[in-house]
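Colleague: This is the structure, below, for whatever I ask next.
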Amino acid sequence: MLKTLLLEDDLTLSREVKSFLNSRDIQCDVVYDGNTFARQLKSEEYDAFLLDINVPGMNGLDVCKQIREDGYQNPVIMLTAYGDIEDKKDAYSAGADDFLVKPFHLEELILRINSVLKRGVPEKVQSEVLKVADLEIDLGTKKVFRAQKNIELTKKEFQLLLFLVKAKGRVVSKQTIAEQIWDIHFETSLNTIEVYVNFLRRKIDKGHAIALIHTKPGFGYYLREDK
């Protein structure tokens, strides 16, 4: 069964879309704001994303950009009441694969989903690699290398490493990491972050003269090459 994640704050429309897709053997999970979408994205695997543009929190365009920046190759269909050519340009520039103007027929949504799933993965997404010193993260294959040696990471370890790399040397707190990677909001659960940072240190820094993962006591963690 195909699995989709819908970002839509209109309760009536979201229920209609979810019910219709489920009736066609397409699972549809629904979130109502962009920030929740970003957290849900990290906890489940999906085949396609359906994004309304004007939603609370991160808007659909920013969510789409984040999806692509994080290396997800899944098709994205924008759902919006605005159909001007400039709106479409913005959507495609953000990384969307298709654009559907409200109100739309639910049958057409099915056609669009099937169509984008057949198009395959853009090569430019497959080949994107993030680098810090001799550390490389291939966003397409989800592989990590240090000094050209492959490093096996769990899904959570990979997400944590990617989050630190994308912070570009800025210090990020345990609370921020917990909310973005684990969706944890309780102080008593923050020792989980320490455990996973130590896991990463052993895999990323052990055996190398220069450490990349650092702690700023009382503030949090950062990743950069401190010579």
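Colleague: Probe radius 1.4 Å, ligands and nucleic acids ignored: give me the carbon and sulfur share of the accessible area of the chain as a rounded percent.
Modeller: Numbers: 5950 of 11960 Å².
Carbon-and-sulfur percentage of accessible area, whole number: 50.
Colleague: Please report, for the Cα atoms of region 39-152, the Rg to one decimal and the Dmax as a whole number; what are they, in angstrom?
Modeller: Radius of gyration, then largest Cα-Cα span, for region 39-152: 16.1, 52 Å.
Colleague: Using alpha-carbon pairs under 8 Å, 6+ residues apart, how would you state the relative contact order of the chain in percent?
Modeller: With pairs under 8 Å counted, the relative contact order is 13 percent.
Colleague: Where in region 145-226 are there trypsin sites (Lys or Arg not before Pro) that are in a DSSP coil and have at most 14 other Cβ atoms within 10 angstrom of their Cβ?
Modeller: K168, R170, K206
Colleague: A further question on this structure: Measure nothing fancy, just the Cα-based angle from helix 11-23's long axis to the longest principal axis of the chain, in degrees from 0 to 90, nearest 10.
Modeller: On a 0 to 90 degree scale, this one is about 90.
Colleague: List the GluC sites (Glu not before Pro) within region 67-167 that fall in a DSSP loop (any state other than H, G, I, E or B) and whose Cβ has at most 11 other Cβ atoms within 10 Å. Write out the running numbers ahead of the final one.
Modeller: Values: sites: E69, E86, E107, E108, E123, E128, E136, E152, E157; in loops: E128, E152.
Those that pass, being in a loop and sparsely packed, are E152.
Colleague: A 31 angstrom limit on the alpha carbon distance is what I want to check against. Which of K18/K88; K65/K131; K88/K143; K18/K143; K142/K174 exceed it?
Modeller: K88/K143; K18/K143, as the Cα separations exceed 31 Å there.
Colleague: Still on this structure, please answer the following. At 1.4 Å probe size, with every protein chain present, just tell me what the per residue accessible area of the chain comes to in Å². Each step should come with its number before you reach the end.
Modeller: Values: 11960 Å² over 227 residues.
With all protein chains present, the chain gives 53 Å² per residue.
Colleague: So what is the 222 nm mean residue ellipticity for the chain from helices alone, if each DSSP H run of at least 4 adds -39500 (n - 2.57) and you divide by all residues, rounding to the nearest 500 deg cm²/dmol?
Modeller: Here the helix-only value at 222 nm equals -11500 deg cm²/dmol.
Colleague: Here is a follow-up. Give me the number: length gained by fully extending E69 to A133, i.e. 0.36 nm times residue separation minus the C-alpha to C-alpha distance, one decimal in nm.
Modeller: 21.1 nm
Colleague: Which longest uninterrupted range of the chain lacks any chymotrypsin sites (Phe, Trp or Tyr not before Pro) assigned by DSSP to a loop state (not H, G, I, E or B) and surrounded by at most 14 other Cβ atoms within 10 Å?
Modeller: With chymotrypsin sites (Phe, Trp or Tyr not before Pro) excluded where exposed in loops, the chain gives 1-103 as its longest stretch.
Colleague: Can you figure out the FRET efficiency of L11 with L117, using R₀ = 25 Å and their beta-carbon distance, to the nearest 0.05?
Modeller: Plugging the Cβ-Cβ distance into 1/(1 + (r/R0)^6) gives 0.40.
Colleague: Here's a follow-up. Consider a paramagnetic label point 7 Å from the Cα of K166 along Cα→Cβ; state which residues of region 67-93 have an amide N under 15 Å from it.
Modeller: 67-74
Colleague: Say R0 is 41 Å: what FRET efficiency, to the nearest 0.05, do E45 and A209 get from their beta-carbon distance?
Modeller: For R0 = 41 Å, the calculated efficiency reads 0.65.
Colleague: What is the distance, in nm, between label points placed 7 Å from the Cα along the Cα-to-Cβ direction at K142 and at I85?
Modeller: 4.0
Colleague: Provide the gained length on full extension for the span Q27 to E108, in nm with one decimal, where the gain is 0.36 nm per separating residue minus the Cα-Cα distance.
Modeller: Difference between extended and current length: 27.5 nm.
Colleague: Counting other Cβ atoms within 10 Å of each Cβ, which trypsin sites (Lys or Arg not before Pro) in region 1-82 have at most 16 and sit in a DSSP loop?
Modeller: Qualifying residues, ordered by number: R24.
Colleague: With +1 on each Lys and Arg Cβ and -1 on each Asp and Glu Cβ, and nothing else charged, work out how big the dipole of the chain is about its Cα centre, in Debye to the nearest 20.
Modeller: Approximately 1160 debye in magnitude.
The values are calculated or read from the model by the stated rules, or taken from the named source; none is laboratory data. All figures in this text were calculated on a predicted structure; none of them were measured in a lab. Quick reminder, even Gly has a Cβ in these numbers, built from the backbone with ideal geometry, and neighbours come from all protein chains shown. SASA here: full protein model, heavy atoms, side chains in, ligands and nucleic acids out. Shrake-Rupley method; radii C 1.70, N 1.55, O 1.52, S 1.80 Å.
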